Every structure is written in C-alpha cells, then in structure tokens.
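> Dropping the structure in here first, questions after.
Read the figures in this text as sums done on the coordinates, not as results from a lab. Just so it is clear, the structure is predicted and the values come from calculations on it, not from any experiment. We place every Cβ from the backbone using ideal geometry, glycine too, and count neighbours over all the protein chains shown.
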Ligand code: AHG
Ligand code: MN
Ligand code: MN
C-alpha cells in the first residue's frame, strides 16, 4: 500500500494547530520561504546553461540582465517575503544593512528573517551542491513601530525557527521550530516538498570530519592536535566548501564540521547570525552540539553586529565533546 504523501504546506499547517498561541503568521512565513526556495532551485538547476543563457552582467535572450545566483537568490527571497506582510525586516549576507520590508495592508509584521541566500556559491560554476540558510526571530520592539537594530541582534537561543535548503542531487528543505527537525524532499514532478525524513536525529558519533585541511598550519596547536586525532582514528575527511552540504552529511551520517580561526581569519570566517546560529539550532534540535573553538555554546553568544563572525565546531555530540577536551588539554599547554 502506498504511504500518503505529506507536503511541506500540509505539515506546516498541521504543526501550527499544535500550538495554542499560533496566529498563522509563522506558518505563512515558512510557506513563503518554501516558495522562494523552489524558484531558487529552478535557477540553480539552470546554472550549467550559463553559456547559452548568458553570463553574469550580460543581457539574456529576453533582454533581462543575467544576475549572479547569490544576488538572484537574495532578491527572490526578499520579494517572496515582501508580499505577505509577516516579516518586518531581513538581515542577509548580501546586504550590508538591514533590509526593511514594506507594511502590507496595515498588518503588524512580527518577525525578522536572517539568511545566507546562497551558501557555497563558488560551487555553482562546477555543478556542486549549494544551499540556503535561514533563521527566524520574533521582533522585540512593538510591531506597530519601526523595526529596531535590537530586533536583529538576538542570540541564537531566541530563534523561533531555522532551516536550510540543500540544492543537491535532490533538493531538500530541513527545518525546525524548536520541536525536532524534519526534512522534505522536492518532488520535481509535482513541484512540492514532501516529508521524507521525519524527526531527524544525528548519530552520537560518526566516521566523518570536515575542515579545510589546507589551512592546517595556520590553526592553533589544540586544533592541529584534534585534527591529527581524527586522522589517527582513520576518520574520513570530506569538505565540500558549502557548510550546508557538509553539515547535511554529518546530520545523516554523524561526524564533526570545523571552521577554526586562522591567521587570515582570526575570528573564523563564518557568520554568526545567518550561518552558525541557524545551523546550530538545527543540529542541537537533532541531538547534536555546536560550540566555538573557544568552547562557548554558539547559540548563547551575544550578537553585537549583524555580520559578526564566529569559529565553529558542530556535529555529533560525542565528537564535539572530544574536541572540547582537546582544546582544554592543549590550550593549557600553550598558556
Ligand atoms: P558563502 O558561499 O555563503 O560565502 O559561504 C561559503 C562558506 C561556507 O559555506 C564554507 O564552509 C566556507 O565558506 C568555505 O570556506 P574556505 O574556502 O575558506 O574553506
Ligand atoms: Mn555561506
Ligand atoms: Mn552566501
């Protein structure tokens, strides 16, 4: 007997009914993100046709300018969220400042979205997986007034929802509202995300580690010792160069993803608000852990700047705990 397909929209609406205080606002916002990601998916799939359709900055056959995909993704999400009036502002990797969204029919927009519209964008040219990362906060200021910077500078523990979309061999949307993690696979024949991975759990440990080992000599001693340890254990090194793809593998198969500080990036490279926090909420909700290389819980770090960076060690709980021990042991040697 065929199992009944549950679409993302059905699932979001059903989950909303379980929460008494739900007004439908978050539901609409999540649905808008689902729509935007289907549009981005379509463009990402066409990326290989760039020589036929025109390169970035040129005019395509219909007379439109061809955009870089991360700019396209950024604009598409902003556009999709602008029409329903649920989102007051967006913080994006692609915009230096907060993007304030227009008021729609006098609606009081309750939410703020943070996002990396296209993660791993250097993979696009070579037909390798990329992703979108998003996080949703409830605004702190009164919803009838102007959005304030404090609405956007909230720590990860205050996220009400987060997720990512992986444009891979199949396209998946994975999200949490703080009650577990669920994954949906896009069925291109019907154009719907269908529930494929309910209540995802990360293995306690795994066989993979993921780090840019090319920077090995630039890492601190404790990080080099931990990476040596991974290698001693014969763990398999996998590094795609898109944290969404690398962490997605770890979520399924267990492992650890690291982006430590280097000489070039003394505070790490990844962005706290729209890369590290949403991915950490997902991983924690699936039973994993996420800390900085200075051993702070990622989700507890105060956010003082929308583009702030953080180092990160994220993944299977036993492996993050082990990395923690290495840092304690070897930074004491350094001190
Ligand atoms: P983005 O494409 O959004 O700028 O992000 C790329 C990020 C991240 O996804 C990846 O893990 C990391 O940059 C790779 O950096 P290195 O090339 O320094 O390893
Ligand atoms: Mn990124
Ligand atoms: Mn990006």
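> Just want the ordering: 205, 162, from fewest to most Cβ atoms lying within 10 Å of their own Cβ.
Ordered from fewest to most neighbouring Cβ atoms within 10 Å, 205, 162 come out as 205, 162.
> Sequence gap at least 6, Cα distance under 8 Å: using those rules, report the relative contact order of the chain to the nearest whole percent.
15
> For the range 8-197, what does the relative contact order come out to in percent, with C-alpha contacts under 8 Å and a separation of six or more?
Value for the range 8-197: 15 percent.
> Sort 10, 96 so that the residue with the fewest other Cβ atoms within 10 Å of its own Cβ comes first and the one with the most comes last.
If I rank by nearby Cβ atoms, fewest first, I get 96, 10.
> Counting DSSP beta bridges in the chain, what percent are antiparallel, to the nearest 5?
80
> Sticking with this structure for a sec: Can you tell me which of 289-295, 320-326, 232-238 comes out highest on packing, and rank the rest after it, using the mean Cβ neighbours within 10 Å?
289-295, 320-326, 232-238
> Moving to a separate point now. Test of understanding: express the Cα radius of gyration of the range 171-230 as a ratio to 2.2 N^0.38 Å, with N the residue count.
Rounded to two decimals, the normalised Rg is 1.72.
> I want to verify the translational diffusion coefficient of the range 208-334 in µm²/s; compute it with Stokes-Einstein, Rh as the Kirkwood radius over Cα pairs, at 10 °C and 1.306 mPa s.
This corresponds to a translational diffusion coefficient of 111 µm²/s.
> Moving to a separate point now. Once every DSSP H run of n ≥ 4 in the chain is given -39500 (n - 2.57) and the sum is divided by its residues, what mean residue ellipticity at 222 nm do you get, rounded to the nearest 500 deg cm²/dmol?
The helix contribution divided over the chain gives -9500 deg cm²/dmol.
> Could you grab the relative contact order for the range 208-334? Cα pairs under 8 Å, six or more apart, rounded to a whole percent.
Reported as a whole number, the value is 30 percent.
> Can you compute the modelled spin-label distance between residue 100 and residue 189, with each label point 7 Å from Cα toward Cβ, in nm?
In this crude label model, residue 100 to residue 189 measures out at 4.9 nm.
> Could you estimate the translational diffusion coefficient of the chain from the Stokes-Einstein equation, with Rh from the Kirkwood formula over C-alpha pairs, at 4 °C and 1.567 mPa s, in whole µm²/s?
D = 63 µm²/s.
> Something else: Can you tell me the order of 273-279, 168-174, 105-111, 32-38 when each peptide is scored by its average per-residue count of other Cβ atoms within 10 angstrom, highest first?
Highest to lowest by the protection proxy: 273-279, 32-38, 168-174, 105-111.
> Would you mind getting me the FRET efficiency between residue 232 and residue 263? Use the beta-carbon distance for r and R0 = 30 Å, nearest 0.05.
Calculated value: 0.75.
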